[in-house]
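The values are calculated or read from the model by the stated rules, or taken from the named source; none is laboratory data. Source: prediction; values computed, not measured. Note that each Cβ is placed from the backbone with ideal geometry, even for glycine, and that neighbours are counted across all protein chains shown.
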Amino acid sequence: MGQKLKSPSELISAVTKLRFSQPVSLSPEEQIKLYDRLVRREEISAPRDRHGRTIRGAQKDYESPGVDEMLALKFGEPLNPWPDNRRAAVCLTHDVDRGPGQLNCLVRDSWYGLKRVAAKMRGENQIVASVAGYFSLRKSHIDPYDNLQRWMELENSLGVRSAFYFMSLRMYHQLQEGNRYVISNPAIRRAIREMHDNKWEVGLHARYYGPFSKRELTDQTHRLSDVLGAEIAGVRNHYLRVSFPETWFLEADCSFHYSSNMGWADLLGGFRSGTCWPYQPVAGSKLWEIPFQIMDSPDLSKGAEDLLERFRNYLALVKRHRGVLVLDFHSNYFFDEVAPRVNRVYRTIVEYLRNDPELWITTPLSVVRHLQALA
Ligand SMILES: [Zn+2]
């Protein structure tokens with residue numbers, strides 16, 4: 001690939017110039033400390049889970065943006081980079097893990113039917129209850145994963161625009177990826193075009209298999225871009241199967257404008273690389289990493305209050321440091337029957353954000369364009 005990371009002095013000088021618009025002085029030791037956090041040096045030798053993802057270190061503090069705090073302590077508040085003198089930016093994003101399709105529905109109905117029988121036999125009441133939610137929707141002729149129009153209606157009513165990351169699969173990929181959807185599905189294609197025409201952002205949700213293959217990533221991007229009729233600027237990986245810096249090198253090679261993979265795939269979330277500011281880690285590349293802090297889960301019937309509290313804490317920190325808060329809510333958790341309380345939590349969060357005049361609620365691509373003009 002021939003890509004390499006920026007050197008510590010190069011990266012730190014770009015990071016500080018963006019915030020303070022002039023060079024600031026840091027010792028080589030201080031530079032390395034910040035650099036190691038931004039490029040996730042500790043992850044190179046960290047243990048991995050069965051999906052090949054870094055396991056979050058139990059004693060590590062990701063609850064606050066350590067890099068931003070250290071810079072603020074030394075040099076004070078950063079200048080405000082956002083339009084209309086807003087205090088921080090917020091991006092709402094969705095991974096589209098499931099979609100409509102008659103065949104999909106047929107497979108799913110049979111699968112959940114078998115699951116219900118097995119769970120009933122084993123007395124697994126929780127599974128029986130969750131499957132019952134799915135079938136109650138199906139009885140009303142609703143496919144819970146045919147919801148993109150509903151998402152657009154919801155966000156129209158809330159007055160926001162978000163980013164949707166679509167998988168870009170062919171039929172045979174489903175044998176590997178499970179019950180997802182194909183990019184040739186007419187309902188998916190229509191929704192993608194409608195989103196694009198109405199100022200939602202469409203990005204790529206890179207598939208589970210082959211996350212480090214340039215050919216895989218290129219093929220998926222081309223297919224999605226053909227449907228969109230425009231360039232695909234951003235990418236987030238399904239299951240967050242990433243490894244830094246290899247993932248950045250690949251994304252830079254594939255000419256993405258940004259990646260939004262720097263976060264944790266759990267309800268604790270936080271500041272994985274110690275910053276809520278986007279940054280450009282790869283030498284000679286325009287690629288931005290836009291860290292995300294909050295991800296949902298398929299069931300918030302118990303964890304909703306905790307998640308809302310974390311959201312408010314993270315938002316306060318992002319505002320203090322004038323950064324970007326990025327939230328990831330899966331599009332398939334739209335209905336309460338299949339994802340208890342998730343949609344309600346999303347609406348509560350968006351209403352909270354909309355009531356804060358200090359926030360610029362926008363898409364990741366708008367953030368990147370805005371920062372690119374300042375960098
Ligand atoms: Zn996914």
Being assigned by TED's automatic domain parsing to the domain that holds Tyr181 and modelled with pLDDT under 90 narrows it down to one residue among Lys74, Lys60, Lys33; which is it? Lys60
Considering only the range 71-82, how many residues are in a helix (DSSP H, G or I) and either surrounded by fewer than 14 Cβ atoms within 10 Å (Cβ to Cβ) or within 16 Å of the ligand (Cβ to nearest atom) (or both)? 2
Specify the residue that is nearest to Ala72 (Cα to Cα); the eligible residues are those in the range 1-12 that are surrounded by 14 or more Cβ atoms within 10 Å (Cβ to Cβ) and in contact with a Leu (Cβ under 9 Å, 6 or more places away or on another chain). Ile12
Every residue from the range 222-246 that is over 30 Å from Glu42 (Cβ atoms) and under 18 Å from the mean Cα position of the chain (by Cα): Leu224, Ile232
Keeping to the range 134-175, report how many residues are aromatic (Phe, Trp, Tyr), away from the ligand (no atom under 16 Å from the Cβ) and in contact (Cβ under 8 Å) with a residue 60 or more places away in the chain. 1
Cβ-Cβ under 6 Å pairs, at least 6 apart or on other chains, the range 89-106 side in contact (Cβ under 8 Å) with a residue 40 or more places away in the chain, far side assigned to a helix (DSSP H, G or I): Ala89/Val367; Val90/Leu353; Cys91/Pro364; Gly99/Ile188; Pro100/Ala187
Listed residues Tyr239, Tyr209; which is within 14 Å of the ligand (Cβ to nearest atom) and loosely packed, with under 14 Cβ neighbours inside 10 Å? Tyr209
For the range 192-212, name all the residues that are part of a helix (DSSP H, G or I) and not basic (Lys, Arg). Ile192, Glu194, Met195, His196, Asp197
Being among the charged types (D, E, K, R), surrounded by 14 or more Cβ atoms within 10 Å (Cβ to Cβ) and part of a helix (DSSP H, G or I) narrows it down to one of Arg215, Arg189, so name that one. Arg189
Note: among Phe329, Phe334, just one is farther than 30 Å from Lys74 by Cα, out of contact with any Ser or Thr (no Cβ under 8 Å at 6 or more places or on another chain), crowded, with 22+ Cβ neighbours inside 10 Å and at pLDDT 95 or above, namely Phe334
Looking only at the range 99-129, how many residues end up being assigned to a loop (DSSP other than H, G, I, E, B) and more than 19 Å from Tyr333 (Cα to Cα)? 2
Which one of these does Val235 not meet: (1) of a type in the set (A, V, I, L, M); (2) farther than 22 Å from Gln3 by Cα; (3) in contact (Cβ under 8 Å) with a residue 60 or more places away in the chain; (4) out of contact with any Pro (no Cβ under 8 Å at 6 or more places or on another chain)? (2)
Selection count, the range 113-154, where residues are under 30 Å from Trp360 (Cβ atoms) and either surrounded by fewer than 19 Cβ atoms within 10 Å (Cβ to Cβ) or in contact with a helix residue (DSSP H, G or I) (Cβ under 8 Å, 6 or more places away or on another chain) (or both): 6
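Would you point out which residue out of Ser285, Ser301 is away from the ligand (no atom under 16 Å from the Cβ), polar (S, T, N, Q), modelled with pLDDT under 95 and assigned by TED's automatic domain parsing to the domain that holds Met195?
After applying the criteria, what remains is Ser301.
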Meets criteria (under 20 Å from Pro364 (Cβ atoms), surrounded by fewer than 14 Cβ atoms within 10 Å (Cβ to Cβ) and of a type in the set (D, E, K, R)) for Asp49: no
Going through the range 83-98 in order, the residues found to be in a strand (DSSP E or B) and within 11 Å of the ligand (Cβ to nearest atom) are His94, Asp95, Val96
Please go through the range 285-330 and give me each residue that is over 15 Å from the mean Cα position of the chain (by Cα) and assigned to a loop (DSSP other than H, G, I, E, B), ordered by number. Ser285, Lys286, Leu287, Pro298, Asp299, Leu300, Ser301, Lys302, Gly303, Arg322, Gly323
Going residue by residue through the range 253-265, is there one that turns out to be under 20 Å from Asn313 (Cβ atoms) and surrounded by fewer than 23 Cβ atoms within 10 Å (Cβ to Cβ)? yes
Can you find, within the range 163-186, the residue that is farthest from Thr247 (Cα to Cα) among those that are of a type outside the set (A, V, I, L, M, F, W, C) and exposed (fewer than 15 other Cβ atoms within 10 Å of the Cβ)? Pro186
